[in-house]
1. Among strands (runs of 3 or more DSSP E) lying entirely in region B:1-119, which contain 1 or more residues that are of a type in the set (Val, Ile, Thr), over 21 Å from residue B:190 (Cα atoms) and within 13 Å of another protein chain (Cβ to nearest Cβ)?
2. Return yes when residue B:104 is surrounded by 14 or more Cβ atoms within 10 Å (Cβ to Cβ) and modelled with pLDDT of 95 or more and no when it is not.
3. Return only the number of the condition from (1) at pLDDT below 90; (2) within 14 Å of chain A (Cβ to nearest Cβ); (3) in a helix (DSSP H, G or I) that residue B:143 does not satisfy.
4. Pull up region B:118-140, narrow it to residues that are aliphatic (A, V, I, L, M) and within 13 Å of residue B:97 (Cβ to Cβ), then point me to the one that is surrounded by the fewest Cβ atoms within 10 Å (Cβ to Cβ).
5. Write out, first by first residue and then by second, each pair whose Cβ atoms fall under 6 Å of each other, whose residues are 6+ apart or on separate chains, and whose first residue, in region A:1-24, is within 11 Å of chain B (Cβ to nearest Cβ) while the second is basic (Lys, Arg) and surrounded by 14 or more Cβ atoms within 10 Å (Cβ to Cβ).
6. Here is a check on your reading of the model: is residue A:168 crowded, with 20+ Cβ neighbours inside 10 Å, of a type in the set (Ser, Thr, Tyr), assigned to a helix (DSSP H, G or I) and more than 14 Å from chain B (Cβ to nearest Cβ)?
7. Going by what's in this entry, would residue A:253 be described as on the phi > 0 side of the Ramachandran plot, exposed (fewer than 15 other Cβ atoms within 10 Å of the Cβ) and touching a residue at least 60 places away in the same chain (Cβ under 8 Å)?
8. So, restricting to helices (runs of 4 or more DSSP H) that lie completely within region B:186-268, which ones have at least 2 residues that are out of contact with any helix residue (DSSP H, G or I) (no Cβ under 7 Å at 6 or more places or on another chain) and either open to solvent by less than 10 Å² (accessible area, probe 1.4 Å) or not small (Gly, Ala, Ser) (or both)?
Amino acid sequence: MRTRVAHIASNTFREAVRDRVLYNLIAFALLLSGAAILVGQISIEIEKLVVINLGLTAVSLFGVVIAIFIGIGLVSKEIEKRTLYTVLSRPVRRWEFIVGKFFGLAGTLVVNTFFMAIGVFAALFYVSHKFVRADALILVALYFIVLEFLIVCSLALLFSSFSSPLLSAVFAFSLFVIGSFAEDLRNFAGMAHGLSHWLATGAAYLVPNFSAFNVITSIAHEQPVAGQLILQNTLYAVFYAAMALSGAVLIFEHRDLK
Amino acid sequence: MPAIEILGLEKIYSVGFWRKRPKRALHPLELTVEDGEIFGFLGPNGAGKTTTLKLLMGLVFPTAGSARILGREWTDPSVKAQIGFLPEQPYFYDYLTAHELLEYYGQLSGVPGKHRKQRVEQVLQQVGLRGVQGVQLRKFSKGMLQRVGIGQAILHQPKLVFFDEPMSGLDPMGRREVRDLMEQLKHEGKTVFFSTHILSDAETLCDRVAIIHQGELRGVGAVEDLTSSVQGKVEVIWQGTQVPASIKALGAECHVTADRVRAIVAENQQDAVIDILRRERQRLIAITPVRTSLEAYFVEKLRRAETTAGSTV
């Protein structure tokens, strides 16, 4: 059972690599090296701040775009092209297929993030000519970004299990944007009254709280991240992704593959 | 123990976006396929053949009914380790090579790692795809993909193989090879269930066939029973270019092609025709009973079904 999930995950990763998804790293490298050179010339004392902000934001955005655009096709493309028929006619359970696809995409994003992280550190070294202890905090920000990817992947898979790729992309991207302002939504819910209070509270807790994962600015200012936040975010991401994946499995388990 | 027992499987889809309405794809189907036989599932396009196969594979869910495959409930996941399936017009992960694809399917089917590589080589040779190492499937022709499809269906040495239109996209040589492969599978004691609308293939290969039309089973039986002799007629063939007047007088249907004459006469006139040919010093080549072809049986069944449907409207 576990091996079948691993085989499906490894094939999903291979597909991403062969479909040249990792080519985005070239665009990322160009963007970051260009920015580092430019920043090195025009900014005084804040080069490091700019490079960390720009680098980590780019890591997050590139990853989210990949997560959404691959994630939305993971199930629907297999149904449309009928590649699924020869997989599900084997001793593969539908949930194994969904979970395998999720891990395959998550693996792709982790590898992608790893190479991007090298790029961020290289740019940082270029502008500051040395590493300091506080730079290790960047790893925490990268970890949070990966957790964010897990949630986005699971949401893209959830939408992909019942709607068209286009609608799935719209849903997933909208949730990402709304989730990035989840704290504001919670504040609004706190101020609202009556029905709108309940509706806003419900929405605020239903959408993924991506704002809790955004520690880029504080890390750029070398402010440490509390261990409690790391634990909280980890549990939240695992729980949210598991819920979204369960939803995807539940829908897919009952879907006719016409 | 039968290889397949279909017990009233039925499928009704909901169609339409806004106001859903039911569309029956398969009427309750009762069918038994015996172990070790080649069974043909015949019907025109849209008859319900693929729906039946998808139901048996668990790709779509039945509205009612059930099935047993190799003595177990068809939903039992362990059954799938013992069946192979070739979908109609198969499409595979085109970024993989044939080796990688079969390796992957071998992993999913639980083929042990130490035998897998060897088995992949063996299957590729069996389906005529040796020497395609390193070529991604996106560069394969339709016929080559069909061969890959057949390969993946037999890779894990299943006891029961389902082929949906296996001859589709193949040239005459390819079709011949697939026929040979099916006979080989039968020889190995495996059961083959295949859907087709190419009746000559079914007639050549199948022990038994079922005919389905508009989602309803119209007939099932052994090929030789369905194509038994009709109205006691025989076909007489002799060398020559002329039909003697005395044979014409017997009311024979005669056709002259090149240096041969074919005449269809009643069985009780067979001796009279032979006497005439002997008298006229013609060289007799063959006398065979006229049988209904599977095609004629098939067309007659479909016509009858359409007439019944027309009269009930």
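1. Qualifying strands (runs of 3 or more DSSP E): B:4-15.
2. Considered against the rule, which asks whether it is surrounded by 14 or more Cβ atoms within 10 Å (Cβ to Cβ) and modelled with pLDDT of 95 or more, residue B:104 comes out as yes.
3. (2)
4. B:135
5. A:12/A:101
6. So residue A:168 passes the test.
7. Judged against the criteria, residue A:253 is not a match.
8. B:223-226
The values are calculated or read from the model by the stated rules, or taken from the named source; none is laboratory data. Keep in mind that this is a model prediction, so the values were computed, not measured. With ideal geometry, Cβ positions are generated from the backbone for all residues, glycine too; neighbour counts draw on all protein chains shown. Side chains included, ligands, DNA and RNA excluded: accessible areas come from the protein's heavy atoms. Shrake-Rupley method; radii C 1.70, N 1.55, O 1.52, S 1.80 Å.
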